[in-house]
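First comes the structure, then the notes that go with it.
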Amino acid sequence: MRRFTSPALIVVDVQRGFDDVAYWGPRYNPECESNIAALLAHWRERSWPIVFVRHDSTDPGSVLAPGAPGNRFKDVITGEPDLLVTKSVNSCFHGSPDLDAWLRGKGIDQVVICGITTNHCCETSARLAGNLGYDTYFAIDATHTFDLSAPGGAVIPAATVAAMTAANLHGEFATVALTRALIAQTVD
């Protein structure tokens, strides 16, 4: 891992709608929110850039639809970000305002991604960040996901889904690491 100088922390879709167990099913990684809080505190101590991303579903019945209680950020998301990106697709780089233009305009070439869900918006954003040439880090224990149904009906446990995301990303699109290792990358 390259030492951090002033990386952007991209906090993806940490919204109340993801607490709806009846809708999403069983989740993985109950420490996700506390790890996100640790990353946010670390970034704020250093005055490093923070980006909040919010998913505004285009489905009016979605728990993540604008105006729905589930669209709001969870309590762990505190303070003002340097940038708020809203999106209706799986990538933070396809939202408004343009995340890539903002990062490049600030001279930022390192990003750390955390949030919800591991295998959807977080993984998609990490893949794009890597493809766009950013030195990308994926805080695997500061993400969470849910059990998935495979074609044919088999249920894939959330822990397996997260492990596959880590395997898909690491060394190809991003460096996958734990929160404590990412915090240790600080240049003081």
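None of the figures in this text is laboratory data; all of them are computed from the coordinates on show. Bear in mind that the values here come from a model prediction, so they are computed numbers and not experimental data. Neighbour counts are summed over all protein chains in view; Cβ atoms, including those assigned to glycine, are modelled from backbone coordinates with ideal geometry.
For the reader, a short list of remarks on this structure follows.
- Residue satisfying all of: in the range 74-91; among the hydroxyl-bearing types (Ser, Thr, Tyr) and in a loop (DSSP other than H, G, I, E, B); surrounded by the fewest Cβ atoms within 10 Å (Cβ to Cβ) among these: Thr78
- Summed over the range 139-165, the residues that are without any contact (Cβ under 8 Å) to a residue 40 or more places away in the chain and within 11 Å of the chain's Cα centre (by Cα) give a count of 1.
- Pro30 vs. criteria within 17 Å of the chain's Cα centre (by Cα) and closer than 21 Å to Ala177 by Cα: yes
- Output for the range 92-128, where each listed residue is touching a strand residue (DSSP E or B) at 6+ places or on another chain (Cβ under 7 Å), in a helix (DSSP H, G or I) and either of a type in the set (D, E, K, R) or crowded, with 24+ Cβ neighbours inside 10 Å (or both): Cys92, Leu99, Thr118, Cys122, Ser125, Ala126
- Of everything in the range 139-174 that is touching an Asp or Glu at 6+ places or on another chain (Cβ under 8 Å) and not in a helix (DSSP H, G or I), the residue that is nearest to Val76 (Cα to Cα) is Asp141.
- Residue check, Gly115 at positive phi and either touching a residue at least 40 places away in the same chain (Cβ under 8 Å) or over 15 Å from the mean Cα position of the chain (by Cα) (or both): yes
- Complete set of residues in the range 17-32 that are of a type outside the set (S, T, N, Q), out of contact with any Phe, Trp or Tyr (no Cβ under 6 Å at 6 or more places or on another chain) and crowded, with 17+ Cβ neighbours inside 10 Å: Gly17, Phe18, Tyr28, Cys32
- Selected residue (criterion: surrounded by the fewest Cβ atoms within 10 Å (Cβ to Cβ)) from residues of the range 144-188 that are closer than 17 Å to Val12 by Cα and out of contact with any Phe, Trp or Tyr (no Cβ under 9 Å at 6 or more places or on another chain): Leu178
- Tabulated pairs, the range 71-91, first over 16 Å from Ser47 (Cα atoms), second in a helix (DSSP H, G or I) and small (Gly, Ala, Ser), C-beta under 7 angstrom, 6+ apart or interchain: Asn71/Gly17; Val76/Ala37; Ser91/Ser125
- Residue within the range 129-138 that is without any contact (Cβ under 8 Å) to a residue 24 or more places away in the chain and outside any loop (DSSP other than H, G, I, E, B) present: no
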